[in-house]
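Structure first, then comments.
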Amino acid sequence: MDGKSIASKWRWITAVVIAFALGIGVTLLVGKRSRRKSDLERTFDIIEQNYVDKVDRSELEESLIPQLLNTLDPHSTYLTREESDIDMQRLEGTFYGVGISFNTIIDTPVVVEVIPGGPAERAGMKKGDRIIAADAEILLTKDLSAEGVRKRLLGKKGSVVALSVLRDGKKMGIPVTRDEVPIQSIDVAYIAEKGIGLMRIGSWARGTYGEFIAKASRLMNEGMKALVIDLRDNAGGYLEPAISVANEFLRKGQLIVYNEGNSFPKEEYKANGKGIFPDLPLAVLVNELSASSSEVFAAAMQDHDRAVIVGRRTFGKGLVQRPFFLPDSSQIRLTIARYYTPSGRSIQKEYTLGDKEEYSRDLIERMDAGEAFGVDSALFDEAPRYKTDAGRVVYGGYGVMPDIFVSADSTYANSYYLRLMESGAVTEFAFRFADKNRSELSLCKTPDEVTSYLSRKSNLLSSLASYAAQHGVPQRSFLLQEAAPQIERVLYAQIAQFVLGTEGFYRIYFSGDPTIEAALAEVNKKRTE
């Protein structure tokens, strides 16, 4: 079967899936195609009329949708109503609730962070509050998962949830009126080194561009002369905010990305010339979990020689999905096009139709091949070549290759450290320590003050090791000392998170990060050129 026949076959299957799922009769299909549709209907008739037990035809039809989509590319998928709702909340960047982050490690949910300007802050809730009950329903974490607690805090806009809270040993009632709660997609933005801003974009949501402008403006007021954007572990989201942020760094007419598919004509996105940072020295951090919109942004900066890309090869997702909502609010997320970078390259990695398992193994195989610690030069031999504006060679078909490779930090990754991190004992110990010492830690207003306070606790690491041993991680004194600097950094960062929030975590966790250090060195070079 030639390429055109295969493409025709899959176009037809896709059309049938969508039409069938929506309950639309494909009456225009004729000949062989019409016979296939009739065969499908006839199969349902036979089952409905002859099966040993009574079946619900509509449920049977719906159960076929995911299986049909599984025969397509790895990113075409079916989402149930609940999965669709959660995913849309993430992408839209809002939900209706009380506006807190909480931890369920101890007996009742404990407030870790109160979202500024949210309903909980307006009602007077504080970090460290223990939520005993919601609307008279006792919230014990031995009976409820974190998701169970979350469901009891979410609700319709304007509805009131009566929370019973324990603060400093005193019980109090706090009614909270549920309202729209923004989900921040930019985790942190601060001046990492004199004149160099660091911004971590965790996802590309509806509000990402607005967050970017606000945070970038603040950094400029704080003296930012160069910027590092961290897209590591950012799996993507909406394409539009990535295009909007890219526009801020490019000059008028420069192509950002273009999309093209069988049923979707070529659509180009170009910079409008109104960007506010066309000359700001820029570095972009990526790794194997940077995907989709993150790759669009990084590739646009690379193709126009606008930024230095630092880190490891990205995931390799160059397919565009569009949601098709079904009557029950479930969702077919169908691949409709491929996107191409300004130089014309597709960065989608190889896949086999219908084989999602093989596709998902790719990252594991990369790690097994040692790609986290060195560039796989064989990829350069096989990958199609393109050129940037300045004539540098870049590659397609395998994600975005960084300009500067930085291996994963394995300096302290001995067996004890790995087992300790996997166990979750560090997070649990950090939370319990922060909760027990909250009155003293609350006097710390900066990450440096938290670090200074913790450094005076001479037995902190040994206490952690003892705690971990009680939870299945045997003590290994030599290995503990060997990995002590890294364990200490992670522990300090997690304690800071429970005191100062997300930014407190990243300011400590990013200290000494080799990828960030490499990026800072590069932008410093650009500033002096």
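Output the Kirkwood hydrodynamic radius of region 52-163, Cα pairs only, in Å rounded to one decimal.
16.9 Å
Can I get the semi-axes of region 400-453's equivalent ellipsoid? Compute them from the C-alpha gyration tensor as square roots of 5 times the eigenvalues, in angstrom, largest first.
31, 19, 10
Any chance you could run the full-extension gain for Thr177 through Phe44? It's 0.36 nm times the residue separation minus the Cα-Cα distance, nm to one decimal.
43.0 nm
When the helix-only estimate is applied to the chain (DSSP H runs of n ≥ 4, each -39,500 (n - 2.57), divided by the residue count), what is the mean residue ellipticity at 222 nm, nearest 500 deg cm²/dmol?
Mean residue ellipticity at 222 nm (helix-derived): -12000 deg cm²/dmol.
Once you have all Cα-Cα distances for region 471-519, histogram them in 5 Å bins from zero and send the whole-percent values.
Reading the bins upward from 0: 5, 20, 19, 20, 17, 14, 5, 1.
Using the Karplus equation 6.51 cos²θ - 1.76 cosθ + 1.60 (θ = phi - 60°), what ³J(HN,Hα) coupling, rounded to whole Hz, does each residue of region 124-135 give in order, writing x for Gly and Pro?
x, 6, 9, 4, x, 4, 9, 8, 7, 8, 10, 6
Mind checking which aspartates and glutamates have their Cα closer than 18 Å to the Cα of Lys170? Skip sequence neighbours fewer than 8 apart in that chain.
The qualifying aspartates and glutamates are Asp107, Asp129, Asp435.
Any idea what diffusion coefficient region 141-260 gets from Stokes-Einstein, in µm²/s, Kirkwood Rh on alpha carbon pairs, 10 °C, 1.306 mPa s?
Diffusion coefficient, whole number: 89 µm²/s.
Whole percent per 10 Å bin, from 0 to the bin with the longest distance: what is P(r) over all C-alpha pairs of region 312-452?
9, 23, 23, 20, 20, 5
Once Lys and Arg get +1 and Asp and Glu get -1 on their Cβ, which of Ala134, Gly472, Ala413 lies farthest toward the positive end of the dipole of the chain?
Of the listed residues, the answer is Ala134.
Full extension from Ser455 to Ile404: what is 0.36 nm times the residue separation minus their Cα-Cα distance, to one decimal in nm?
Residue separation times 0.36 nm, minus the Cα-Cα distance, leaves 14.9 nm.
Mind checking region 387-472 for trypsin sites (Lys or Arg not before Pro) that DSSP puts in a loop (not H, G, I, E or B) and that have at most 15 other Cβ atoms within 10 Å?
Passing both the DSSP loop test and the Cβ count: Arg392, Lys445, Arg456, Lys457.
If you stretched the chain out fully between Asp87 and Asp135, how much longer would it get, using 0.36 nm times the residue separation minus the C-alpha to C-alpha distance?
Using 0.36 nm per residue and subtracting the Cα-Cα distance, I get 14.6 nm.
Report, ordered by chain and residue number, the lysines lying within cross-link reach of Lys215, taken as a straight Cα distance under 21 Å and ignoring same-chain residues fewer than 8 apart.
Answer for Lys215, where 21 Å is the Cα cut-off: Lys194, Lys225, Lys274, Lys445, listed by chain and number.
What three numbers, in Å, describe the spread of the alpha carbons of region 376-529 along their principal axes, ordered from the longest?
On the principal axes, region 376-529 reaches 58, 36, 23 Å in Cα extent.
How much of the pair distance distribution for region 168-326 lies past 29 Å, counting alpha-carbon pairs only, in percent?
24 percent
How big is the convex hull of the Cα atoms of region 368-423, per residue, in Å³?
114 Å³
Between region 62-97 and region 458-529, how many Å separate their Cα centres?
36 Å
What distance in nm lies between label points placed 7 Å from Cα along the C-beta direction at Leu60 and Thr80?
My value for the distance between the label points is 2.2 nm.
What dipole magnitude, in Debye to the nearest 20, does the chain give about its Cα centre under +1 on Lys/Arg Cβ and -1 on Asp/Glu Cβ?
Taking the Cα centre of the chain as origin, the dipole is about 980 debye.
Filter the GluC sites (Glu not before Pro) in region 343-431 to those in DSSP coil with at most 12 other Cβ atoms within 10 Å of their Cβ, and list the result.
Glu350
Roughly how far apart, in whole Å, are the Cα centres of region 188-234 and region 356-399?
Taking the Cα centre of region 356-399 as reference, the centre of region 188-234 is 28 Å away.
In terms of modelled amide H atoms, which long-range or inter-chain residues lie less than 5 Å from the amide H of Ala133?
Leu139, Ser164
At a 1.4 Å probe radius, carbon and sulfur cover how many percent of the accessible area of region 145-295?
So the carbon and sulfur contribution to the accessible surface is 51 percent.
For region 150-161, what does the Karplus curve 6.51 cos²θ - 1.76 cosθ + 1.60, with θ = phi - 60°, yield as ³J(HN,Hα) per residue in whole Hz, taken in order and with x for Gly and Pro?
Using θ = phi - 60°, the values come out as 4, 4, 7, 8, 7, x, 5, 4, x, 6, 10, 10 Hz.
Using 1/(1 + (r/R0)^6) with R0 = 30 angstrom and r between the beta carbons of Asp381 and Lys526, what's the FRET efficiency to the nearest 0.05?
So, using R0 = 30 Å, E works out to roughly 0.45.
Please list 3J(HN,Hα) in residue order for region 278-292, calculated via the Karplus relation 6.51 cos²θ - 1.76 cosθ + 1.60 where θ = phi - 60°; whole Hz, with x for glycine and proline.
Values per residue, Gly and Pro as x: x, 10, 6, x, 9, 10, 10, 9, 9, 8, 5, 9, 7, 9, 6 Hz.
If you take every residue apart from Arg178 with its C-beta less than 14 Å away from the C-beta of Arg178, what net charge results, scoring Lys and Arg +1 and Asp and Glu -1?
Around Arg178, the charge tally is +2.
Return the ratio Rg/(2.2 N^0.38 Å) for region 216-268, where Rg is computed over Cα atoms only.
1.50
When the Kirkwood radius is taken over all Cα pairs of the chain, what Stokes-Einstein diffusion coefficient follows at 20 °C and 1.002 mPa s, in µm²/s?
Answer from the Stokes-Einstein relation: 82 µm²/s.
The values are calculated or read from the model by the stated rules, or taken from the named source; none is laboratory data. From a predicted model like this one, the values you see are computed outputs, not experimental measurements. Cβ: placed from backbone, ideal geometry, glycine included. Neighbour counts: every protein chain shown. Each accessible area value is taken on the protein alone, full model and side chains, heavy atoms only, with ligands, DNA and RNA left out. Shrake-Rupley method; radii C 1.70, N 1.55, O 1.52, S 1.80 Å.
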